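Written out below as structure tokens is the structure these notes cover.
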Amino acid sequence: MTDVNGEIKIYAGSSSLAFATKMCEYLGVQLGKSTVINFSEGNTFVRVDECVRNQDVYIVQTIGKKPNNEFTELLFWIDAFKRASAASVTVIIPYFSYAKGDKKDEPRTSIRARVCAECIELEGADRVITMDLHADQIQGFFKKPLDHIHGRELLAEYAKHIGIVDDNLVVVSPDAGSAKRARSLANILGCEVAIGDKVRTGHDENAKVLGIIGDVKGKNCLVIDDFTISGGTLVDVTHGLKEQGAKDIYAFLSHVVLGEKGVKKIDESPIKMLVSTDTVYCPEIEASDKIKIISAAPLFAEAVKTIHNHEATTDIYKRLKERVVEWSFKN
């Protein structure tokens with residue numbers, strides 16, 4: 001059992017039951033008892049099935065494939081814990097879908113990430129933990145403490161684990177917005193960087209990759225991004241890389257929110273392997289031989305342990321590293 005100061009009380013929302021269970025297994029604690037009921041007309045009912053008075057509680061709920069329902073359920077959980085007199089409520093959102101709405105870049109639109117942040121805080125959350133937000137500035141939407149976990153160390157370790165890191169590897173950002181993420185991973189792996197020139201003209205899930213900035217001819221490429229929903233950008237970048245003479249192409253993502261069509265698109269693409277974490281449960285990917293899922297649950301478990309013990313979260317990956325193969329790559 002992992003050493004902690006007092007019992008950690010972790011509860012799972014309906015979208016993160018498996019993820020929260022892995023966190024508890026890593027920490028050696030029991031998952032909290034709770035109930036979720038979704039009624040036929042669409043209403044959601046949540047109940048905490050044990051006493052949490054004066055307890056520091058952690059509720060895990062990803063905002064992924066059904067973001068409206070999952071976000072509403074999360075608000076109900078915060079309210080339930082507060083009304084049950086919990087001492088504090090830490091909200092763990094492995095994937096924050098509405099982080100895509102991080103700015104007002106045309107008239108008469110909502111900054112959706114800001115609305116969500118305000119709702120979470122108004123409902124009474126004391127702290128938020130999430131991973132690889134679409135844009136770092138979203139942290140500023142929260143007045144309460146937000147711990148922003150980065151998955152790049154985990155992804156880098158897996159790239160080393162499968163033996164694709166060498167002098168012939170180039171880390172590729174699919175667009176300018178992910179260039180900083182690509183540079184961070186490249187620095188860890190000791191690789192060069194290339195950038196895709198992407199343009200999006202509408203509010204659909206399709207973007208056009210116009211070209212590749214950087215030398216990829218004869219190189220193996222590792223495309224890094226925060227998430228994919230349709231697989232469209234990844235596949236376009238892959239074809240662009242192939243046109244520039246790239247050899248083997250891998251895609252490493254923090255989150256996947258793929259449906260059946262997206263999985264088929266990846267399977268039919270030149271991508272040799274797509275690696276991502278389990279922050280969103282996507283049953284459709286289980287039929288794919290190209291997609292490999294590694295677990296981010298230990299990263300979040302380490303974050304919970306350090307917060308619970310009033311320690312710094314800056315070194316959570318260093319503490320996890322000795323167990324990363326056992327927990328992240330095999331579970």
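For the chain, the Cβ-based charge dipole about the Cα centre amounts to some 280 debye (Lys, Arg positive; Asp, Glu negative; other atoms uncharged).
Bridges between two residues of segment 161-316, per DSSP, are antiparallel at a rate of about 20%. Backbone geometry of segment 303-308 corresponds, through the Karplus equation with coefficients 6.51, -1.76 and 1.60 at θ = phi - 60°, to 3J(HN,Hα) couplings of 5, 4, 4, 5, 5, 5 Hz, x marking Gly and Pro.
Among beta bridges identified by DSSP and lying wholly in the chain, the antiparallel ones come to about 20 percent.
So, R0 is 35 Å and r is the distance between the beta-carbons of I229 and N309; what FRET efficiency does that work out to, to 0.05? Efficiency computed from Cβ-Cβ geometry: 0.45. Using a Gaussian network model of the chain whose springs link C-alpha atoms within less than 10 Å, name the residue from G42, G177, G262 with the highest mean-square fluctuation. Of G42, G177, G262, the Gaussian network model singles out G42 as fluctuating most. Close amide H pairs (under 5 Å, H built 1.01 Å from N) link D56 with A87, S88, residues at least 5 positions away or on another chain. Report, as a whole number in µm² per second, the diffusion coefficient that Stokes-Einstein gives for segment 152-293 at 37 °C and 0.692 mPa s using the Kirkwood radius over alpha carbon pairs. Once the numbers are plugged in, D ends up at 222 µm²/s.
Considering only K265, K247, K66, the mean-square fluctuation computed in a Gaussian network model of the chain, springs between alpha carbons under 10 angstrom, is largest for K66. Label reach from F45 (point 7 Å along Cα→C-beta): in segment 8-30, amide nitrogens under 17 Å belong to 14.
Tell me which aspartates and glutamates have Cα within less than 12 Å of K321's Cα, excluding those fewer than 8 residues away on the same chain? Candidates past the 8-residue exclusion: E153, E157, E302. Which net charge results for the neighbourhood of D49, defined as the other residues with beta-carbon distances under 13 angstrom from its beta-carbon, given Lys and Arg at +1 and Asp and Glu at -1? Computed value for this residue: +2.
In this structure, the amide hydrogen of S16, modeled 1.01 Å from its nitrogen in the peptide plane, lies closer than 5 angstrom to those of T62, counting only residues at least 5 positions away or on a different chain.
Enter the angle in degrees (range 0 to 90, nearest 10) between the Cα long axis of helix 152-161 and the first principal axis of the Cα atoms of the chain, meaning the one along which they spread out most. Approximately 60 degrees, to the nearest 10. For segment 22-61, the list of GluC sites (Glu not before Pro) that fall in a loop by DSSP and count at most 16 other C-beta atoms within 10 angstrom reads E41, E50.
In summary, the lysines within cross-link reach of K104, defined as a Cα separation below 21 angstrom excluding same-chain residues under 8 places away, comprise K143, K198. Under a no-solvent Debye model with one identical scatterer per Cα of the chain, what's log10 I(q)/I(0) at q = 0.07, 0.12, 0.14 Å⁻¹? At q = 0.07, 0.12, 0.14 Å⁻¹ the computed log10 ratios are -0.29, -0.84, -1.12. When the C-alpha to C-alpha distance is required to be over 28 Å, the pairs from K33/K66; K180/K290; K217/K292; K22/K290; K100/K247; K22/K318 that qualify are K100/K247. Take the alpha carbon gyration tensor of segment 88-183, find the square roots of its eigenvalues, order them as a ≥ b ≥ c, and report rounded if a/c is under 1.5; if not, report prolate when a/b exceeds b/c, else oblate. In terms of gyration-tensor shape, oblate.
Bear in mind these aren't lab numbers, they're just calculated from the coordinates by the rules spelled out. Remember, it's a predicted structure, so these values are computed and weren't measured experimentally. As a convention, Cβ positions derive from the backbone with ideal geometry for all residues, glycine included, and neighbour counts pool all protein chains shown.
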